[in-house]
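The values are calculated or read from the model by the stated rules, or taken from the named source; none is laboratory data. Quick caveat: nothing in here was measured; it's all calculated off a predicted structure. Using ideal geometry, Cβ is built from the backbone for each residue, glycine included, and neighbour counts are taken over all protein chains shown. Keep in mind that these areas ignore ligands, DNA and RNA; they rest on the heavy atoms of the full protein, side chains included. Shrake-Rupley method; radii C 1.70, N 1.55, O 1.52, S 1.80 Å.
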4 protein chains.
Amino acid sequence: MEINPYNSPGNVAFTIPPRVSRKTKPDGTIVNINRVEVGGSEVVVIAGPCAVENQEQLFETARAVKTSGARILRGGAFKPRSSPYNFQGLGEEGLKMLREIRKETGLPVVTEVMDTRMVELVAAYTDMIQIGSRNMQNYPLLKEVGKQQKPVLLKRGMMATIEEFLLAAEYILNQGNEQVVLCERGIRTFETCTRNTLDLSAVPLLKRLSHLPVIVDPSHGTGLRWMVPAMAKAAVAVGADGLIMEVHYRPEEAICDGYQSLNLDEFAQLMIDLKKIAQAIGREISLPKPSKG
Amino acid sequence: MEINPYNSPGNVAFTIPPRVSRKTKPDGTIVNINRVEVGGSEVVVIAGPCAVENQEQLFETARAVKTSGARILRGGAFKPRSSPYNFQGLGEEGLKMLREIRKETGLPVVTEVMDTRMVELVAAYTDMIQIGSRNMQNYPLLKEVGKQQKPVLLKRGMMATIEEFLLAAEYILNQGNEQVVLCERGIRTFETCTRNTLDLSAVPLLKRLSHLPVIVDPSHGTGLRWMVPAMAKAAVAVGADGLIMEVHYRPEEAICDGYQSLNLDEFAQLMIDLKKIAQAIGREISLPKPSKG
Amino acid sequence: MEINPYNSPGNVAFTIPPRVSRKTKPDGTIVNINRVEVGGSEVVVIAGPCAVENQEQLFETARAVKTSGARILRGGAFKPRSSPYNFQGLGEEGLKMLREIRKETGLPVVTEVMDTRMVELVAAYTDMIQIGSRNMQNYPLLKEVGKQQKPVLLKRGMMATIEEFLLAAEYILNQGNEQVVLCERGIRTFETCTRNTLDLSAVPLLKRLSHLPVIVDPSHGTGLRWMVPAMAKAAVAVGADGLIMEVHYRPEEAICDGYQSLNLDEFAQLMIDLKKIAQAIGREISLPKPSKG
Amino acid sequence: MEINPYNSPGNVAFTIPPRVSRKTKPDGTIVNINRVEVGGSEVVVIAGPCAVENQEQLFETARAVKTSGARILRGGAFKPRSSPYNFQGLGEEGLKMLREIRKETGLPVVTEVMDTRMVELVAAYTDMIQIGSRNMQNYPLLKEVGKQQKPVLLKRGMMATIEEFLLAAEYILNQGNEQVVLCERGIRTFETCTRNTLDLSAVPLLKRLSHLPVIVDPSHGTGLRWMVPAMAKAAVAVGADGLIMEVHYRPEEAICDGYQSLNLDEFAQLMIDLKKIAQAIGREISLPKPSKG
């Protein structure tokens, strides 16, 4: 273990855990999600609905985000909801729908797991396992996904320090699974205008301290649909290896998080704008060629 | 559901979940942990080591805290540690030691569970199941303890609002288990002198909004051994139904959290001081009579 | 300068500024506000309205809080208000009313100053000068009150660390004025149920690090009238040298902060309760004898 | 006054103060600082040392930042320092140096004022008056700069909500001065790796709610020299109307804030990179043509 390489007033020196540390592995890790590479020169966009609600909603959204340039599909089958009276997800039925649209579109799928007992099931259906914000310090769960062969999307806890975030990733790597993507998704602060405060400084910081790829979630990070495009652009400019965003074919009818979901047109326009930012910093977003017209 | 009963600038109105709401049940709930009642006129003290380390450490500490007036024994067998390289607890071996000293002293035992797969095991060995701070929003775990017949000690997440805390408790009650004790244990703020900021205002707030008993953990709430007595006294004065504190027969040798553990003499003196505060507000702490001379 | 004497995970070591440090002066400072001593064995209560509104309001409130046991009168003539459209205080007219009721009741008076140009004026009318939370790092103002002969009540900024708070006090002592009382009044956190999070751990921390007296403001610290008594009791139990509370003869008609002001009866009852807590920890609150039957 | 136009969970609805509200003035305000316009299509860069230390340091730095494309010069003559034992600035002597280099380079100058008694003096020497973070709620000071004819740079308090920030600006506009530029400079959170957490979401939020221009300070916002370029790029991508950055001809010798100051070469390179981002979002940064071969 080593002392962290930056030094300024207000810094708490801490040791970077060895397996995630960039000192151990100076070249950045590239995580391969069924042939989509996160951590290379491409900025990879993950998009899809907050929750899988039904076939039409999922399929329509998935087809559209693919057409606009998304490389990976997101969608929740098991939903961690603050209230027990809110929709808790479709469970395995949702996983089956994800598998079906994955086959049709060829898009790899990422979905969340919350329970150690469900890890194998979720791993069987998907290409990437998500550990959500509320479970960033659920150590038995981290150990269990660390035993899988599937890539892991690890979201920062909403009140987790950078040190704790890296230690959580270390739990996964320590079990033998080195295919981990870190995701900044906003931290809790005193400010209440936004759902969270998206901490974009976490991106250069994590990339300096660790060899793992880092992506950003501007949907949960802001909680405000109209603000997602601006923050997505900033995330690309700051050096993120990718983005994960909530997109819904009818946000106003979404069962959860509709207020922070882009509609299909907004997403299509955003991809065009993001491509320009990526180019300005010497990276790529490759958009599909229009099929007709 | 109803609107919360207080109103001032900076308040976000929210609905109190129905099962935990005091409106549903105006009389406070008394939680019975193997004949020790939390929520009545007695201020109940839970004490013991952070982690069960070995027989001598556990037994010596348990006997001493009982002599000084503790009514329930705490001790961790499964430990949630930020780093995978730290001591993770003795597991079932630790549970067996807890059962043995429980038999000898007659003290009911509370210990933490982190994994849904371990809930039945932990429930079989102990009198009260603890859900730790990092798992306050581990919903599968909350549901699982909600199905048990054992009382639950639910600690507030270090990032959890009062609303989220009450919703987490609702998950447990909603499964049929109404024997829940809430525990304020410090929240994360910008201040770094203390490990957390112990939010004593949570006590009157939770007691006003909910019928569940509320206790305070000044050990994790401060992270500073010398500060625990002052904050424990404040917690009794503010109206807490109990305290949970880390006590170790040799804090300087503790494997974890020694810097915040009282030694046996400090704990004995504190119990005498707490009794006076309890009396000053019309409550009780009944100390055992000295057995000899 | 020296390293701070506590040590635990999460602590940022910092140097305690020399003039406020307890190492420089092991015995606690007693601040004398026109013969009322703060920092001795007595727990001193400061009470009065948020703002001086008119003669009746001020005089009725002042007479009543004196009868109930307050030792110092508070009341704002210059009010720092978030909005320019809110009542900004009566200014010098308010200072004159304070002087008049001070003469009648014999209660020393504390009032806030916000502008370097007003320091001499305020000092001329009052017994103690208050630096409010928003001005804790207004260094020209700190220097100016440091040049006065009047005791200073320095409130912790809502965003200030303990280190910054001590450094702010050092600015005053460094100009020659050692009559400074520190006041914890709540910090800003993510929790929105309360106006601020009253950080009672600041009391033992400040008293360990510094020789200056420390008092607590549960009115601003909670923003909730019904919660003030519980937190006031906790503040006495934790070891505060005094309290400052908003009391109004008709809170529902108050121009500012009525929702956090006690009425006269609530204050009278609270003083009786506080006396019991003070006794339980070996300190005193001396209540006036009832004048008649 | 009106209700704010966004709506999502966790939002506290508040009224936007009328003079700063975009509803009152749908077109954005352009603030003119001696012919440099902030709020138009150009992204304006303000650069210079934290503090004016001496003639050589100021002049060398000023000439270099002009050559690299800075449009306004910053430099502190009165410095708000946490400790009374730190360098407090050169005062009027520093103002004179600023005036001299302003004449030579033609760069408008911005400098901070902390004391109501100094406002006229500072206004006489400079083109724009800065209100620092610690004085964002120093209402007498806001009123005083509101009476001047000079543009004002108002920095967000490190723990100020968006509502409080807008209300602080309203204090200035309410006195008749509408030439106000808002500056996001990082807020205080639990994270300690960075000096502050730069809240880039404040930019789209402020621009939606208010007609005033918004700039970003990535130097104070991160406190880390190596991180400034990444966050500066993100700030341009998110839509900021400008940047203010600390640049020093010899950062390692700087009296204050050297650890967060760019050196001259880093700044020159950054300007080239920022121009590309600006173009990618349809805005401009016009760099001077190299004067010689």
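Where in the stretch D:157-236 are there helices (runs of 4 or more DSSP H), lying fully within it, with 3 or more residues that are within 10 Å of chain C (Cβ to nearest Cβ) and either among the aromatic types (Phe, Trp, Tyr) or surrounded by 24 or more Cβ atoms within 10 Å (Cβ to Cβ) (or both)? I'd like the intermediate steps shown before the answer.
Values: elements: D:162-173, D:202-209, D:218-222.
The qualifying helices (runs of 4 or more DSSP H) are D:162-173.
Return yes when A:Met159 is under 30 Å from D:Thr197 (Cβ atoms) and over 16 Å from the mean Cα position of the chain (by Cα) and no when it is not.
Details: under 30 Å from D:Thr197 (Cβ atoms): yes; over 16 Å from the mean Cα position of the chain (by Cα): yes.
Against the criterion (under 30 Å from D:Thr197 (Cβ atoms) and over 16 Å from the mean Cα position of the chain (by Cα)), A:Met159 qualifies.
What single numbered condition from (1) at pLDDT below 95; (2) β-branched (Val, Ile, Thr); (3) more than 24 Å from A:Ala240 (Cβ to Cβ) fails to hold for A:Thr24?
Just one mismatch for A:Thr24, condition (3).
In the stretch B:237-262, how many residues are of a type in the set (A, V, I, L, M), more than 13 Å from chain C (Cβ to nearest Cβ) and surrounded by fewer than 24 Cβ atoms within 10 Å (Cβ to Cβ)?
Counting residues in the stretch B:237-262 that are of a type in the set (A, V, I, L, M), more than 13 Å from chain C (Cβ to nearest Cβ) and surrounded by fewer than 24 Cβ atoms within 10 Å (Cβ to Cβ) gives 1.
Starting from the stretch D:27-39, keep only residues that are closer than 16 Å to D:Arg102 by Cβ, then list their pairs with residues that are surrounded by fewer than 21 Cβ atoms within 10 Å (Cβ to Cβ) whose Cβ atoms are within a distance under 7 Å, requiring at least 6 positions of separation or different chains.
D:Ile33/D:Pro108; D:Asn34/D:Pro108; D:Val36/D:Pro108
Any idea which residue in the stretch C:60-94 is surrounded by the fewest Cβ atoms within 10 Å (Cβ to Cβ), counting only those that are in contact with a strand residue (DSSP E or B) (Cβ under 7 Å, 6 or more places away or on another chain) and not in a loop (DSSP other than H, G, I, E, B)?
C:Ile72
Please enumerate the residues belonging to the stretch D:252-278 that are more than 22 Å from D:Cys183 (Cα to Cα) and modelled with pLDDT of 95 or more. Give the derivation first.
Narrowing the stretch D:252-278 to residues more than 22 Å from D:Cys183 (Cα to Cα): D:252-255, D:263-266, D:268-269, D:272, D:276.
Listed by number, the residues that qualify are D:Asn263, D:Leu264, D:Asp265, D:Glu266, D:Ala268, D:Gln269, D:Ile272, D:Lys276.
How many of the residues in the stretch B:263-280 are open to solvent by less than 50 Å² (accessible area, probe 1.4 Å) and closer than 20 Å to B:Val238 by Cβ?
Number of matching residues: 7.
Give just the number: which of (1) surrounded by fewer than 22 Cβ atoms within 10 Å (Cβ to Cβ); (2) within 25 Å of D:Val113 (Cβ to Cβ); (3) hydrophobic (A, V, I, L, M, F, W, C) does C:Ala124 not satisfy?
The single condition C:Ala124 does not satisfy is (2).
Between residues in the stretch B:252-271 that are under 19 Å from B:Gly242 (Cβ atoms) and residues that are of a type in the set (Ser, Thr, Tyr) and assigned to a helix (DSSP H, G or I), which pairs lie under 6 Å by C-beta distance while being six or more apart or on different chains?
Close Cβ pairs satisfying both conditions: B:Gln260/B:Ser219; B:Phe267/B:Ser68; B:Ala268/B:Ser68; B:Met271/B:Ser68.
Do you know which residues across the stretch C:122-145 are touching a Gly at 6+ places or on another chain (Cβ under 9 Å) and hydrophobic (A, V, I, L, M, F, W, C)?
C:Met136
I'm checking my understanding of the structure. Among residues of the stretch D:95-114 that are open to solvent by 10 Å² or more (accessible area, probe 1.4 Å) and closer than 30 Å to C:Ser83 by Cα, which one is nearest to the other protein chains (Cβ to nearest Cβ)?
The extreme case among them is D:Met114.
Take the residues of the stretch A:66-106 that are touching a residue at least 60 places away in the same chain (Cβ under 8 Å) and more than 21 Å from the chain's Cα centre (by Cα): which is nearest to A:Val247 (Cα to Cα)?
Of everything passing the filter in the stretch A:66-106, A:Phe87 is nearest to A:Val247 (Cα to Cα).
Out of B:Ile33, B:Ile16, which single residue is out of contact with any Ser or Thr (no Cβ under 6 Å at 6 or more places or on another chain), open to solvent by less than 30 Å² (accessible area, probe 1.4 Å) and away from chain A (no Cβ under 14 Å)? So that I can check it myself, show each step before the final result.
On the way: B:Ile16 fails: away from chain A (no Cβ under 14 Å).
Result of the check over B:Ile33, B:Ile16: B:Ile33.
Is it the case, given these coordinates, that B:Val109 is β-branched (Val, Ile, Thr) and in contact with a Phe, Trp or Tyr (Cβ under 8 Å, 6 or more places away or on another chain)? Write out each step before concluding.
Values: β-branched (Val, Ile, Thr): yes; in contact with a Phe, Trp or Tyr (Cβ under 8 Å, 6 or more places away or on another chain): yes.
Answer is yes for this residue.
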